[in-house]
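Reviewing the structure listed below.
The values are calculated or read from the model by the stated rules, or taken from the named source; none is laboratory data. Since the structure is predicted, the reported quantities are computational estimates derived from the model, not experimental observations. Don't worry about glycine lacking a Cβ; one is built from the backbone with ideal geometry, like all the others, and counts go over all protein chains shown.
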Ligand SMILES: Nc1ncnc2c1ncn2[C@@H]1O[C@H](COP(=O)(O)OP(=O)(O)OP(=O)(O)O)[C@@H](O)[C@H]1O
Ligand SMILES: [Mg+2]
């Protein structure tokens, strides 16, 4: 099973003076069980791509097929597509519409799993996974901090176990405890074979987890492929795509270590191989 994009273009405000082509002839296949990172500079089309994956947007031309279902096909139940493809939006406020955190966290589970669900168990599981304090459950989601909102946005799709999870900049606003908890969530999802599509600028956080990369520029796919190829061929040219290289990425490339997640360890190995040198204490 997979999500396929076939010749997809997307034009905002078509037929008006503000018409803007945000995606151009995108062909991609997101296979079940892979972790895909979508990268690109501001305005390159990442969020537009994400919104096409569960039918929030439908392609202007081309097709998006989710496990055999075309998002443009009027005979297909869009709810079934949304049940399979969970979405964490770039701005959590855009997905909140209920008066309490509790309602917000349970909405998708109630909607997709029916009335028979054990709501307390689901809430307990979500709060534990995203490290959310239960005293927030009765609050209005709009009255929370950015990091708390992000945790709720992530938590709301964990309650019903979609096949594909699309997350647009999910680490923005998370503090180090939030990131640590989130990393554990991602690792356990990866181990369970979930498909994750992550839009991010936070390369150091996601590169160790990712299997594949998609790089967008001005609405076009400039690269799509395995991590090894990305690190060898794209990491030296990240600036061309509006992205910033990092020490960890450069070390991973030089050491040909495509899994390294611990920067200190990468530095020690690079030192021991003479790839980098320590400045002398007299300098
Ligand atoms: N609702 C809209 N109406 C018109 N143009 C839009 C709309 N949303 C996005 N665009 C334009 O489409 C292009 C792609 O936008 P998109 O939000 O997909 O970019 P992005 O890669 O997610 O950027 P960022 O990194 O800033 O989130 C941009 O040029 C943007 O101005
Ligand atoms: Mg965006």
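Computed values, structure above
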{"quantity": "Number of the condition not met by residue 115 [criteria: (1) assigned to a helix (DSSP H, G or I); (2) farther than 28 Å from residue 191 by Cα; (3) modelled with pLDDT under 95]", "calculated": "(1)"}
{"quantity": "Residue in the range 49-66 that is farthest from residue 30 (Cα to Cα), counting only those that are out of contact with any strand residue (DSSP E or B) (no Cβ under 7 Å at 6 or more places or on another chain) and away from ligand 2 (no atom under 16 Å from the Cβ)", "calculated": "58"}
{"quantity": "Filter pass, residue 58 being farther than 25 Å from residue 171 by Cβ, assigned to a loop (DSSP other than H, G, I, E, B), at pLDDT 95 or above and within 16 Å of ligand 1 (Cβ to nearest atom)", "calculated": "yes"}
{"quantity": "Pairs with Cβ under 9 Å, 6+ apart, first in the range 230-242 and in contact (Cβ under 8 Å) with a residue 60 or more places away in the chain, second assigned to a helix (DSSP H, G or I) and surrounded by 18 or more Cβ atoms within 10 Å (Cβ to Cβ)", "calculated": "241/234"}
{"quantity": "Only listed residue being away from ligand 1 (no atom under 15 Å from the Cβ), in contact (Cβ under 8 Å) with a residue 40 or more places away in the chain, more than 18 Å from residue 200 (Cβ to Cβ) and under 19 Å from the mean Cα position of the chain (by Cα), chosen from 66, 35", "calculated": "66"}
{"quantity": "In the range 22-48, the residues that are more than 15 Å from ligand 2 (Cβ to nearest atom), under 15 Å from residue 198 (Cα atoms) and assigned to a strand (DSSP E or B)", "calculated": "28, 29, 30, 31, 35, 36"}
{"quantity": "Selection count where residues are loosely packed, with under 14 Cβ neighbours inside 10 Å and either in a strand (DSSP E or B) or near ligand 1 (Cβ under 9 Å from one of its atoms) (or both), scope the range 1-11", "calculated": "1"}
{"quantity": "The range 145-156 residues that are surrounded by fewer than 21 Cβ atoms within 10 Å (Cβ to Cβ), paired with ones that are in a helix (DSSP H, G or I) and modelled with pLDDT under 90 (beta carbon under 6 Å, 6 or more apart)", "calculated": "147/178"}
{"quantity": "Condition check for residue 52: more than 21 Å from residue 226 (Cα to Cα), buried (at least 20 other Cβ atoms within 10 Å of the Cβ), within 15 Å of ligand 1 (Cβ to nearest atom) and in contact (Cβ under 8 Å) with a residue 24 or more places away in the chain", "calculated": "yes"}
{"quantity": "Residues satisfying the stated conditions in the range 72-102, i.e. surrounded by 15 or more Cβ atoms within 10 Å (Cβ to Cβ), farther than 15 Å from residue 162 by Cβ and touching a residue at least 12 places away in the same chain (Cβ under 8 Å)", "calculated": "90, 92, 96, 101, 102"}
